[in-house]
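The values are calculated or read from the model by the stated rules, or taken from the named source; none is laboratory data. Fair warning: this is a prediction, and the values are worked out from it, not measured in the lab. For neighbour counting, all protein chains shown are included, and Cβ atoms are generated from backbone atoms with ideal geometry for every residue, glycine included. Side chains included, ligands, DNA and RNA excluded: accessible areas come from the protein's heavy atoms. Shrake-Rupley method; radii C 1.70, N 1.55, O 1.52, S 1.80 Å.
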Number of protein chains: 2
Amino acid sequence: MGTIRREGPVCTGNPQRLDVRDRPSKLEAEWVTGFVDGEGCFHVGIAAHPDMRMHFQVLPEFTVVQHERDVQLLHALKSFFGCGVVRSNHGDRAAYRVRSRSDLMWTIVPFFVEHPLQSQKRGDFMLFRRVLEMMELDVHLTRSGVEGIRALAGQMNRGRSR
Amino acid sequence: MGTIRREGPVCTGNPQRLDVRDRPSKLEAEWVTGFVDGEGCFHVGIAAHPDMRMHFQVLPEFTVVQHERDVQLLHALKSFFGCGVVRSNHGDRAAYRVRSRSDLMWTIVPFFVEHPLQSQKRGDFMLFRRVLEMMELDVHLTRSGVEGIRALAGQMNRGRSR
């Protein structure tokens with residue numbers, strides 16, 4: 001079992017960004033998997049986008065939402081993965097969010113391949129990974145590709161989304 | 001980082017008990033801490049009990065609740081800790097629950113001392129541990145002791161209970 005330790009940064013520039021409170025945690029890989037089994041979400045949004053070639057934009061996203069009193073944990077996740085952003089969310093919630101396709105494909109996905117989720121959320125992750133791999137092949141730039149991705153996205157987060 | 005592996009049992013006797021589905025997971029200690037940081041609850045109930053000397057019963061409890069499709073994870077937690085029960089809960093939920101004072105004091109508490117929670121739930125755990133230590137000293141059998149425990153219990157799960 002590998003252990004990755006990175007230092008947690010303090011974000012100050014953008015007021016929407018949330019400061020680190022308490023100690024920045026150094027997280028263990030297996031802790032991260034357990035926490036994401038409980039609190040993480042793999043999601044593929046498909047948004048209408050008239051300006052784009054296919055009129056649709058495919059938006060894969062990995063998020064972890066917490067009460068803002070645990071925002072330091074979200075910053076620790078950001079440090080751990082070395083990508084993504086921490087933002088205030090609805091009300092008193094904060095979110096760690098990774099939307100960059102390359103970060104998802106080359107950082108988030110390989111981590112959860114190496115450290116498999118134990119909950120049924122693993123099924124969502126496998127669909128999520130498949131969508132990203134289709135996007136690597138530009139499948140989302142064809143009409144049938146978007147429909148295929150829409151079908152996969154429809155199978156995700158059944159009874160799990162928050 | 002220690003790794004504890006125990007085999008997961010299949011419960012069949014009591015129909016309220018839920019069978020293990022899918023593979024029984026073998027859990028890593030740090031995964032358990034991460035999952036409990038997300039999904040666990042440390043709670044101290046104080047119930048009116050006219051037949052008891054102090055007219056109150058102090059009921060510490062550690063629980064993890066999941067959608068029943070992840071019941072195999074709750075059985076894996078039960079196997080991991082070697083104590084507690086898995087029961088169906090409200091609606092489509094299942095719960096892993098430890099209520100035995102000796103199991104809480106000598107199994108659950110030492111585990112989370114060795115593998116500290118990273119979220120603010122750690123504060124709940126520390127209050128929970130203090131209540132159990134007071135109970136070891138029979139403090140809950142005095143009127144002032146029950147009031148002291150009630151005060152500690154009132155500080156727990158603020159904005160975290162489910």
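Summary table
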item	result
Among the candidates B:V44, B:V85, B:V58, B:V71, residue that is closer than 28 Å to A:V32 by Cβ and modelled with pLDDT of 80 or more	B:V71
Any strands (runs of 3 or more DSSP E) falling wholly within the stretch B:25-94 and containing at least 1 residues that are open to solvent by 40 Å² or more (accessible area, probe 1.4 Å) and facing chain A (nearest Cβ under 9 Å)	B:56-67
Pick from the stretch A:122-135, criterion open to solvent by 30 Å² or more (accessible area, probe 1.4 Å) and of a type in the set (A, V, I, L, M), ranking: modelled with the lowest pLDDT	A:M134
Cβ-Cβ under 8 Å pairs, at least 6 apart or on other chains, the stretch B:134-154 side more than 12 Å from B:Q57 (Cβ to Cβ) and touching a residue at least 60 places away in the same chain (Cβ under 8 Å), far side part of a helix (DSSP H, G or I) and open to solvent by 60 Å² or more (accessible area, probe 1.4 Å)	B:L152/B:R130
Pairs where the first residue, in the stretch A:34-56, is in contact (Cβ under 8 Å) with a residue 12 or more places away in the chain and within 17 Å of A:V113 (Cα to Cα) and the second is open to solvent by 10 Å² or more (accessible area, probe 1.4 Å) and hydroxyl-bearing (S, T, Y), C-beta under 6 Å, 6+ apart	A:C41/A:T63
Residues of the stretch B:95-121 classified as within 14 Å of chain A (Cβ to nearest Cβ) and either open to solvent by 50 Å² or more (accessible area, probe 1.4 Å) or part of a loop (DSSP other than H, G, I, E, B) (or both), total	7
